[in-house]
Structures are given as structure tokens and as C-alpha cells.
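Engineer: Pasting a structure below so you can have a look.
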Amino acid sequence: MKLSRVSAYFSLHARSYLRSRSALFFQIAFPIILILLFGAIFSGSSYSPSTLVIQNESPSTVSWGVVDAINSSGLFKVQLIPQNENLSNYITTNSVQAALLIPSNFTSNLYSGGLGFVVLKGHTNPTVATADYETLNGILTQINFRASNTTQKLVLSSQVAIGNTGKTIDYYVPGLIGFTVLSTMFNMVYTVPNYRRERLFRQLSFSGLTKSEWITANMLFSFLMLVLSDVILVAIGIYAFGASLTLNAETILTSALIIFGGLFFFTSVGILAGLVSDNEETVSVVGNLVMFPMMFLSGVFFPLTFAPAYLVTISKFLPLTYFINSLISVLDYGNISTVAIQIVWLLLGSAILFAIAVKLFSWKQK
Amino acid sequence: MPETVIDVSNLVKSYSDLRAVDGISFSIKRGEVFSLLGPNGAGKTTTVEILEGVRNRTSGDVRVLNEDPEKSRTLTFKLGILPQDFSFIYNSTPKEALTFYKHTLRASGDIQEILEMVELGDKATTPFQKLSGGQKQKLGLALSLVNDPEVLFLDEPTSGLDPRARRNIWNVIKTLKERGKSILLTTHYLEEAELLADRVAIMNKGKIIDSGTPMEIVERHHEDDNLIIRGDGQVERDLAAGGFQFQRDGSYIKLRLKNIRDATSIINYLSEHKTKFEDFTLKRESLEDVFIRMVGEIEEDETE
Ligand SMILES: Nc1ncnc2c1ncn2[C@@H]1O[C@H](COP(=O)(O)OP(=O)(O)OP(=O)(O)O)[C@@H](O)[C@H]1O
Ligand SMILES: [Mg+2]
């Protein structure tokens, strides 16, 4: 690997890229249009108090105390349902907007010094869900605060993937960052077969450039473009739509790390997908096959709240889901520790996949 | 004696059951222009690409500047390569392309000068996709010159060029030859090979069927020379009376000559008989005539 060659190719690539209107459009303009669109659509949504169904499977002084606190906040109309009722059925038959489950291990967990989880279920509308989530979280935080002399902690977990502030835009910023990273894959899926067909790799090899240098220069450039477009996205999210993201040195660095891992991951997937498609038709088939499921099922454009269970299951197999969820945790919740493992996996998986892609990616003719 | 820069012996390249190159041997000396000729699919490009290190061979021995192109990592820096189907990043300009090669190959040549040499001076900042076919080809040639290489591989450098541009490329190749470069040139233009090449090899179906200087090849394979006389029936009658064999071909009368000097006696004979004829020409076969027959004969042999 020669840095001088990497930088020479970087410069060649950057110039041709910046001359290409369509590339610039998809890298920079398209995400901006999307965030403006989403921001505008969801900016009017507001919150109105709703009924909260509560099922307490762990009756105890503490758990009833929590129910009382929620009730007395006046922010929800609390409606209790018996322990033996099937909560999921109840939610469907009565079209319940929000239901809180205090699971059977809640009390014992707390007494053994652990965390007491409660689960929010049953939303069909992401905006309302966000608001409910936020309100409940607020109440629980207060309870936690009052009980701060003890080691007990109440934690609300939600089965809807929504940001913690009640603004939908908070959710879309990480989602669209995911989209920008995904576009690097898109680039590769098209570039690799195209360069092979035009025999540009052969032509580039006459310059002494190696495939690793080619990939490195490409990724460096992509990373710069990602940073640029993602900074713009975050800025628009914050200044135009009042997104409340947790931005500090740690979350920014962690996000950059996640994006970097994602870049490796999706570049590798792109190269591999590009290698299997050897003519123009297969390029678009493979491209769409890889691109669209990820785009729509990973929650880039909408949370999977609306989706049937089997789609949610599929989404669990899509790497982009974890990528976006990690970003949501870090940027929306400022929560780095719980995604640390995911980030390690992302980087590890990317490294392995990258090695495979580089190995299989041959510049020579057979 | 000049050193050998390219040495090929018993080179074989198979694609599944096709032997695209079938045991060929040749060598090129420093400063020599060597031309590979042959019909489409003869195996020229395959041979050249093996020498460039772009393709791996099936068997045989190949040395370029005393290195094995399949293994060497440094050979690229000493070679200039214009591939047959040259293409480049469609949004890059000739200037950017040359700058890139100049940096990576650590060359010192002047970019504008090279562009002028191939007549691309005024297209330095035009994106590749907006160049004409011939201009693209010229960029390919320019890129092969950036590192002032010792050995050049030019695979059909003039295909797609207009006659004037072709002559310009010929001049570039002549200049390179004067500077002592060794050049492996493939072409479909036989007059190009005749003009530029010190030696040629004629390939067909993966084999070299003959090689030598263009003169030698013509000498070896040309059929009898022809004397062509333009004239009327009287000329025919007089020639018949003199016992000469001839063929009528439109307004021409064609006589095959065993020896080119026989032409003198025929013309003398006609003058002595005061036979009137309009004019005459002596026709010797060109490399192209010989080439077409050599390649054609093989085709016919196979269909028998
Ligand atoms: N990648 C490949 N896979 C299979 N067969 C190939 C491949 N490349 C070339 N061939 C075959 O090898 C033979 C020689 O091809 P090559 O390109 O060397 O011919 P050529 O002499 O350069 O012809 P042309 O004058 O048309 O350029 C042809 O029959 C061709 O079909
Ligand atoms: Mg060829």
C-alpha cells in the first residue's frame, strides 16, 4: 500500500465524482430533500393525553406505587386490567393505544438490586407512541429521582422504536444517516461491475495502483462525503426542526465510529454484490435486491411500528437495522454503553466481510 | 548485439477447450518494432495481455525485460500499454488522467507536451465521455507514454482513427523508435506494419504461421508478379501469336511473370510488332495480398 498512489487516485476520483451531478444528488441533495420532507410532514404532530392500560403482573408495594404515581400525574387516564387477561389479545380487541406491562419479575429484580423493567406496548401511531413514551419516561424518572436514596432503578423499555423526546425528527436523523451510509453500498454495486465491463481496473493497474489502494481511496472519499452529508443532516434536524440530539464529544466520536464501521460493512457488501453481477441487467437486479429490503425494512423511512410481525423478524436479520438502532441509542439517548457490544460486532463483522471482499475482488482476467 | 527485451517460448493460453494461443515463440530486441498480424480472434490480444501481466498464461515461458510479467510487481513502471479496447473513467479529463499516471508512476514528463504529441492539446479539460472515439484512442496512447517507457505494447493503436490522425500516430511511433524504444504493435492495417515494423509475425488460430521482415514474408509467399497491359483485341492477338499466356480482365490484360525481368522481353516483343497499347504496369504483391492468401489458405485447408 503506497499512500502517494492512494492520494493520487483519491484526487482523480474526487474530481470525477464532483463533476457527476447524479452522484452529488444522491449523496448530498437527496438526503437533504428527505429530511426536509419528513421534517415538514411530522412537524405538526402534537400530543394529547391518552388512556393507559396497565397490567400489573408483579403486585407489590413498589409496583402499585408506580401505578399510583402514573395515575396521580394526571397525564394518563389509567385503566387497570386483571392479571389473568391476555394483554396482547386485549390490546387488539379493544384497539388500545398504549398499555403498560409490569412484568412478573419486576419486584424481585428490584429487590435483588437489579433494574425494574416495565414495557410499553400496543402503539399504532408513532407520533402518539413517542409522546406516550416520553411522558411515561418522565414520570418514571421522577419516581427514580425521589427514590434516589436507594439503589432501585426503574427502567422503561418500549416495544416501539421511537426517540426519547417525542419528536419524530429525532428518529429520522439517525435513519437518514443510515440511508447515506447505505448509498456507499449502492455506489459499489454499480461501480464494480461497470469498471470491470469497461476494463477500468486493468487500465488503473497499469499505473501500479493495487485493488487495496483503489478501495482505500474510495472509502476515504466516501467517508468524507458521509461526514459532510451527515453533518448537514444533523444541522438541518436541529436548526430547522428542533431535533434534540445528544451531541457531545463521546456521542459524536461514537457515531463517527459507527458510520466508519458501516462504511466498511456496506462497501464490502457492495463489492461482493458487484462481483456477482456481470452484466447490466443483473447489476440492477442485484442492486435492487440488496438495496430495497434494507432501505424499507431497516426503518430508514418509517419505524416498523406499523409492520406485521414477520417483517419485524426480517428486519432483525438486516445489518442496517442494528446500524440505525445503534445510532438512535447514541444520538437520541446519549446511551453508548448499551450499544458498545453492537459496535464491536459491527466493526468485527465489517473487518471479516471486508477481508473476504478484498480477497474475492480480483483485478486480473482469468 | 542488442539485448532481447521480450522473449516468448512455447506460450500457450487455453480458455476451457479453446487454445487461444497455441505454443508460440518469438523474441524482440531492444529498439525493434515488432508487429503481430492476424485475423480477428487469432490470439494477438491474448498474447499481448500475457506479456503485460494482465492475463495469466496456461504454460510456456515469458520474459519481459528479464522479468516474469505474471510475478513482477515493478514491471508496470517500465512498460507503456495501450490496450485494444481502451476506456477511462467517464468523468475524468485527459489532463487529470495523465496527472494521475504521472504521480503514480513517478514520471517527470510534461503533460501538455504529451497531449500535443498525440494532438489532444485542445481537449485537455474535456471529460472522457465527451471525446470522440479517435480522441479517446489518442488519450490511451498518451497514457502509455507518460512514464517514458522502455517497452511499449500498442494493441491496434490506429483503429478508429481518420487517415490523417493515423499518419500522425505513425509519426509518433517512428519518433519512439528513433528514441530506441522497443514496440510490440498489433494492427489490422498491413501497410502500417509494412511501414513501421522491423519484423512481423503472422498469427492464425493461436499459432505463428510465419515471421520475418515484411520483405522476407512477401518474398517467401508472393505469387508470380504480374504485368498488366491496357489495350485492345490486337494486343491479345499479337500476344497469342507470340505464345504468351494471358488473361483478359476488363480493359486489362494480365500476364503472370515467373521472373520480373520477363516483363522487358514482353514489352520489347510488342514494340517490335508495332502493337499499340495504352500503358502498362508491373504489379508485385503487397504484404496484404500475401497475408490474405496465407490466412485464407489455412481456412480452406480446414474446411476440406
Ligand atoms: N476471456 C476470454 N474467455 C474466453 N475466450 C476468450 C477470452 N478472451 C479471448 N477469448 C478467445 O480467444 C481467442 C483469441 O482472442 P484475442 O482477443 O486474443 O484475438 P485477437 O487476435 O486480438 O483478435 P482481434 O483482431 O479481433 O482483436 C478468440 O477466439 C476469443 O474468442
Ligand atoms: Mg485483439
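Engineer: So how far, in whole Å, is the C-alpha centre of region B:179-233 from the one of region B:1-33?
Structural biologist: Here the answer is 19 Å between Cα centres.
Engineer: Of B:Leu131, B:Leu184, B:Leu257, which has the largest mean-square fluctuation in a 10 Å C-alpha GNM of chain B?
Structural biologist: In this elastic network of chain B, the residue with the biggest mean-square fluctuation among B:Leu131, B:Leu184, B:Leu257 is B:Leu257.
Engineer: May I pose another question? Need the list of lysines near B:Lys258 for cross-linking: C-alpha distance under 19 angstrom, and skip anything on the same chain fewer than eight residues off.
Structural biologist: Of all the lysines, those that pass the test against B:Lys258 - Cα under 19 Å, at least 8 places apart if same chain - are B:Lys283.
Engineer: With the Cα gyration tensor of region A:311-366 giving a ≥ b ≥ c as the square roots of its eigenvalues, does the rule (a/c under 1.5 for rounded; else a/b larger than b/c for prolate; else oblate) give rounded, prolate or oblate?
Structural biologist: It is prolate, given that a/c is not under 1.5 and a/b is the larger ratio.
Engineer: Tabulate in residue order the Karplus-calculated ³J(HN,Hα) for region B:178-192, using 6.51 cos²θ - 1.76 cosθ + 1.60 with θ = phi - 60°, rounded to whole Hz; enter x for Gly and Pro.
Structural biologist: 4, 7, x, 6, 9, 10, 9, 10, 10, 7, 9, 9, 5, 5, 5
Engineer: On to the next question. So which aspartates and glutamates can B:Lys138 reach, going by Cα to Cα under 14 Å and dropping same-chain residues fewer than 8 places off?
Structural biologist: B:Asp85, B:Glu113, B:Glu116, B:Glu119, B:Asp122, B:Asp155, B:Glu156, B:Asp162
Engineer: To continue, here is another question. Name the long-range amide H neighbours of B:Val33: under 5 Å, sequence gap of 5 or more, or other chain; modelled H, no Pro or chain starts.
Structural biologist: Here B:Ile183, B:Asp198, B:Arg199 satisfy the definition.
Engineer: Still on this structure, I have one more. Could you give the nm distance between label points at B:Ser251 and A:Leu311, where each point is 7 Å from its Cα heading toward the beta carbon?
Structural biologist: Going from the B:Ser251 label point to the A:Leu311 one covers 8.4 nm.
Engineer: Taking the C-alpha atoms of region B:1-52, how large are the radius of gyration and the largest Cα-Cα span, Dmax, in Å?
Structural biologist: That works out to 12.1, 41 Å for Rg and Dmax.
Engineer: Can I ask one more? Could you work out, residue by residue across A:203-213, how many beta carbons of other chains sit within 10 Å of that residue's beta carbon, and then give the average as an integer?
Structural biologist: The per-residue average across the peptide is 6.
Engineer: From the Cα gyration tensor of region B:106-177, with a ≥ b ≥ c the square roots of its eigenvalues, which class applies: rounded if a/c is under 1.5, or else prolate if a/b is larger than b/c, or else oblate?
Structural biologist: Oblate shape, in that a/c is at least 1.5 and b/c is the bigger or equal ratio.
Engineer: Which of the peptides A:173-182, A:339-348, B:201-210 is most tightly packed, and how do the rest follow, judged by the mean count of other Cβ atoms within 10 Å per residue?
Structural biologist: The packing order, highest mean first, is A:173-182, B:201-210, A:339-348.
Engineer: Do the alpha carbons of any pairs in A:Lys211/B:Lys71; A:Lys211/B:Lys29; B:Lys130/B:Lys205 sit beyond 28 Å of each other, and which pairs?
Structural biologist: A:Lys211/B:Lys29; B:Lys130/B:Lys205
A short reminder: the numbers here are calculations on the coordinates, not readings from a lab. As the structure is a prediction and not an experimental result, all values here were calculated from the model. Cβ atoms come from the backbone with ideal geometry, glycine included; neighbour counts cover every protein chain shown.
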